[in-house]
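This report concerns only the one structure given below.
The values are calculated or read from the model by the stated rules, or taken from the named source; none is laboratory data. The model shown is predicted, which means the values in this text are computed figures rather than measured ones. Counting neighbours? That spans all protein chains shown, and the Cβs are built from the backbone with ideal geometry, glycine included.
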Ligand SMILES: Nc1ncnc2c1ncn2[C@@H]1O[C@H](COP(=O)(O)OP(=O)(O)OP(=O)(O)O)[C@@H](O)[C@H]1O
Ligand SMILES: [Mg+2]
């Protein structure tokens, strides 16, 4: 198993798409998380400006990162998940892998573990670059540097990883179902952008859909983020990732996300085990 | 199938140079004691149906340890589908297969099998060497094997290039290298010389021949009859999913015959008929097709000359596998249209 994980890690590590997606995600996180809010902070009364800037200082690191994870980050790692599984179908490499020595379960398992490790790297890279950005802002503003507690940062990284893992696993599942990349990316983005967004927007008008919306990835992701300090006001201004509720408890959100992760992985493994490899 | 088998009964299977050189005494021993233990591949009623189409139809394949087995058939006959089932990539609709003593596709079996099915499939952004590294890690093979197999297939010099930049022949070589990585007991190669230049074909054939020596078994699919004729100990011919003939190349090929052109032909025919040892004489265009042991050639010639017949040509002919193959395939075509 460790050999297979090492093999799969080598594949993702040497694949340009991994690094391109990481670069895009970090750039997005920096731009929308720090650069844009900083340069657009109102010039008005000093107190208003200070309140805006405070969100960008090291003390607010965890909430600043998590604001962008449930939606922008999710859709981006969904693409990563699609590429990792869809590529195998595109290149026909499953037949090569499945004639080595290990069972299909083990190989797909190794692939998913490798993806999980990469996502942990993504989460840590996001925190590291965000910490750096907040430090720069503190220095520019001459503000005192106080870091959030280590336990909050760890929980933040954990929540980021869990949200990433669910979206990426959805990408893997879509790729496995469609046995390719193109359709899976299309459907994944359609779902993440349009369906989740429409449902969340509808919630404002029709209370009937509330239980449904509470089950969506975005609702659970944002609920998880909210327990770590992301303000509901901030999520409402999140552009196409806009979310105004309903929020569920942190425990419920964590359990729901874990259940999604397990379900996506189980269906993927079951599918790949059962089907013929062309 | 019966026709071919019948022909085998009285065939004295002439030993030629290739056979003597290829068949080590050990091989004959394996063949003699052909019991369960010597069968590396054994399928029973192996069948695969896709909707209405039956791709593989009750195939009973038996491949013995140490032989190079050629799996021949026209396009769409079911070769690749059969090989996929042997590797567990495709689940049979009916029947079962045991490969190297384990059920098809089980990890225990796969550990002893090296395979290349259809076009070689690798990660395009990795070098040839890195692709092998990935497979070695998955298979638990020491990395030292990688350079060995790269040398073996003649790809060492370009092993650092990305797979996507390889020519078709180089991709094919990498596929064979990957199949060799585990130093497998059984090699399953689906049209291994596909896309190679003549020199490459020759190299790979020699490689396969050398690999097939000793206890290693090679199952090779092809529609190149010459190739199969050159490197295989035994051949199975598959047509429309059914195994229609099986035997050594010589068994399938039947006996050598004599081609004689002489003047006048009618008279020559009746003279030859009277020569002892001649079994059959028939017209074959402007020549005669004589079924007789080729050692009678001199006698036949003498009889013709003393009867005052001008002999233009007297040649020993070896029926090619191709003729038999085409016969079998054409039989089928008439079946289909009937
Ligand atoms: N996944 C599939 N779905 C439907 N039909 C299939 C599938 N795979 C193979 N077939 C059909 O099964 C038959 C046998 O195909 P197969 O690939 O085994 O032939 P082959 O002997 O390897 O031919 P070739 O010499 O062209 O490689 C063909 O009629 C093919 O169309
Ligand atoms: Mg084929």
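Out of all the residues in segment A:226-277, which are within 16 Å of ligand 1 (Cβ to nearest atom) and free of Cβ contacts under 8 Å to residues at least 40 places away in the same chain?
A:274, A:275, A:276
Being over 23 Å from residue A:131 (Cα atoms) and in a helix (DSSP H, G or I), is that true of even one residue in segment A:18-40?
So far as segment A:18-40 goes, no, none of its residues is over 23 Å from residue A:131 (Cα atoms) and in a helix (DSSP H, G or I).
Working only within segment A:134-181, note down all residues that are over 21 Å from the mean Cα position of the chain (by Cα) and in a loop (DSSP other than H, G, I, E, B).
If the condition is that a residue be over 21 Å from the mean Cα position of the chain (by Cα) and in a loop (DSSP other than H, G, I, E, B), then A:142, A:143, A:144, A:145, A:146, A:147, A:148, A:149, A:179, A:180 are the ones that fit.
Quick check: is even one residue across segment B:53-64 within 16 Å of ligand 1 (Cβ to nearest atom), within 14 Å of chain A (Cβ to nearest Cβ) and assigned to a helix (DSSP H, G or I)?
No, segment B:53-64 contains no residue that is within 16 Å of ligand 1 (Cβ to nearest atom), within 14 Å of chain A (Cβ to nearest Cβ) and assigned to a helix (DSSP H, G or I).
Listed here are the residues, each with its yes/no results for (1) closer than 25 Å to residue B:194 by Cβ; (2) touching a strand residue (DSSP E or B) at 6+ places or on another chain (Cβ under 6 Å); (3) more than 7 Å from every other protein chain (Cβ to nearest Cβ).
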site	(1), (2), (3)
B:101	no, no, yes
B:104	yes, yes, yes
B:108	no, yes, yes
B:115	yes, yes, no
B:127	yes, yes, yes
B:130	yes, no, no
B:136	yes, no, yes
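Need at least 2 residues that are within 14 Å of chain A (Cβ to nearest Cβ) and within 16 Å of ligand 2 (Cβ to nearest atom) per element, so show me which helices (runs of 4 or more DSSP H) inside segment B:143-245 make the cut, counting only ones lying wholly within it. Reasoning before the result, please.
Numbers: elements: B:144-152, B:168-180, B:198-211, B:225-231.
Ranges flagged: B:168-180.
Which of the numbered conditions does residue B:96 fail, given that it passes all the others? Conditions: (1) surrounded by fewer than 20 Cβ atoms within 10 Å (Cβ to Cβ); (2) in a helix (DSSP H, G or I).
(2)
May I ask you to say which residue of A:103, A:4 is without any contact (Cβ under 8 Å) to a residue 12 or more places away in the chain and touching a helix residue (DSSP H, G or I) at 6+ places or on another chain (Cβ under 7 Å)?
Just one listed residue meets the conditions, A:103.
Restricted to segment B:67-80, and to residues that are over 14 Å from the mean Cα position of the chain (by Cα) and crowded, with 23+ Cβ neighbours inside 10 Å, which residue is nearest to residue A:275 (Cα to Cα)?
B:78
If you scan segment B:108-126, which residues turn out to be surrounded by fewer than 21 Cβ atoms within 10 Å (Cβ to Cβ) and closer than 28 Å to residue B:155 by Cβ?
B:111, B:112, B:118, B:119, B:124, B:125, B:126
Hey, does segment B:76-88 have a residue that's within 16 Å of ligand 1 (Cβ to nearest atom), out of contact with any strand residue (DSSP E or B) (no Cβ under 9 Å at 6 or more places or on another chain) and more than 8 Å from chain A (Cβ to nearest Cβ)?
No - not one qualifying residue is present in segment B:76-88.
Just to verify a result, which residue in segment A:15-36, among those that are more than 16 Å from the chain's Cα centre (by Cα) and buried (at least 17 other Cβ atoms within 10 Å of the Cβ), is nearest to the other protein chains (Cβ to nearest Cβ)? Write out each step before concluding.
First, pick out the residues of segment A:15-36 that are more than 16 Å from the chain's Cα centre (by Cα): A:15-17, A:31, A:34-36.
Of the ones still in play, those that are also buried (at least 17 other Cβ atoms within 10 Å of the Cβ) are A:15, A:34.
Details: A:15: 6, A:34: 32 Å.
In this case the residue turns out to be A:15.
Residue by residue through segment A:91-107, note down the ones that are within 7 Å of chain B (Cβ to nearest Cβ) and within 18 Å of residue A:181 (Cα to Cα).
Once the filter is applied, which keeps residues that are within 7 Å of chain B (Cβ to nearest Cβ) and within 18 Å of residue A:181 (Cα to Cα), segment A:91-107 yields A:91, A:92, A:93, A:95.
Name, by its number, the condition in (1) within 14 Å of chain B (Cβ to nearest Cβ); (2) assigned to a helix (DSSP H, G or I) that does not hold for residue A:74.
(1)
Within segment B:202-225, which residues are within 16 Å of ligand 1 (Cβ to nearest atom) and at pLDDT below 85? Show your work before the answer.
Keep residues of segment B:202-225 that are within 16 Å of ligand 1 (Cβ to nearest atom), which gives B:219-225.
Passing the criteria: B:223, B:224, B:225.
Can you find even one residue in segment A:124-145 that is within 14 Å of another protein chain (Cβ to nearest Cβ) and without any contact (Cβ under 8 Å) to a residue 60 or more places away in the chain?
Just the residues of segment A:124-145 that are within 14 Å of another protein chain (Cβ to nearest Cβ), to begin with: none.
Within segment A:124-145 (the criterion being within 14 Å of another protein chain (Cβ to nearest Cβ) and without any contact (Cβ under 8 Å) to a residue 60 or more places away in the chain), the answer is no, since none of the residues qualifies.
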